[in-house]
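Trainee: Before I ask anything, here is the structure I am working with.
The values are calculated or read from the model by the stated rules, or taken from the named source; none is laboratory data. Bear in mind that the values here come from a model prediction, so they are computed numbers and not experimental data. Every residue, glycine among them, receives a Cβ derived from its backbone with ideal geometry; neighbour counts consider all protein chains shown. The protein model used for the area step is the full one, side chains on, heavy atoms only, and it has no ligands, DNA or RNA in it. Shrake-Rupley method; radii C 1.70, N 1.55, O 1.52, S 1.80 Å.
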Amino acid sequence: MLLLWSSYSVHKPEERWVPYLFLVFLALVPLMVPPVLTIEVDGIGSRTWFGSKKKIRWEDVAGLHFNTGNRQFTVGANDGRQITHAGFNADPSLFHAEVLRRTRLPVKITRPGTWKSETFEVPYEEFEAVEEVSRDLS
């Protein structure tokens, strides 16, 4: 709709680029869709709409990080690969609890501040880990 409106409303020849700007924005929309995350027997999988796949096996998970500002939970592998559970993915508390239960690793929690961020590490404890993540998600 914006493309048609801008193409008819532009009267000067030097402003003919405006409709193409809306086409660029329209082309970028599929990139904003979050990947589909799966928890499987052997690890965590991530698949995008364009077919790109990532998989981190449970034994390759090196670190867990949760950012309270943007509510992203990141699982990092030994080789640098990362899978991030963003706020748009389904059921964040179940994903966090299942990853914590299967990896039994400490979680680094970052709280963004006005001038600098505060990061601290919470060790894994079977019942408290699930409560901590659930409380942070609320």
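Trainee: What FRET efficiency would be calculated for the residue pair V41, N78, taking the C-beta separation as r and a Förster radius of 25 Å, to the nearest 0.05?
Mentor: 0.80
Trainee: Next up: I'd like the FRET efficiency for R111 and V24, computed as 1/(1 + (r/R0)^6) with the beta carbon distance as r and R0 of 30 Å, rounded to 0.05.
Mentor: 0.25
Trainee: Could you go through segment 82-98 in sequence order and give the Karplus-derived ³J(HN,Hα) for each residue, using 6.51 cos²θ - 1.76 cosθ + 1.60 with θ = phi - 60°, rounded to whole Hz, and x for Gly and Pro?
Mentor: Once θ is set to phi - 60°, the couplings for segment 82-98 become 9, 10, 10, 9, 8, x, 8, 6, 7, 6, x, 5, 5, 4, 5, 4, 5 Hz.
Trainee: Once the piece of chain linking F50 and T119 is laid out straight, how much longer is it, given 0.36 nm per residue of separation minus the C-alpha distance between them?
Mentor: Contour length minus Cα-Cα distance gives 21.4 nm.
Trainee: Let me ask something additional. What is the percent carbon and sulfur in the accessible area of segment 12-70, measuring with a 1.4 Å probe over the protein chains and ignoring ligands?
Mentor: Its accessible area is 66 percent carbon and sulfur atoms.
Trainee: Please list 3J(HN,Hα) in residue order for segment 65-78, calculated via the Karplus relation 6.51 cos²θ - 1.76 cosθ + 1.60 where θ = phi - 60°; whole Hz, with x for glycine and proline.
Mentor: With the stated coefficients, segment 65-78 comes to 9, 10, 9, 6, x, 9, 6, 9, 10, 10, 10, x, 9, 4 Hz.
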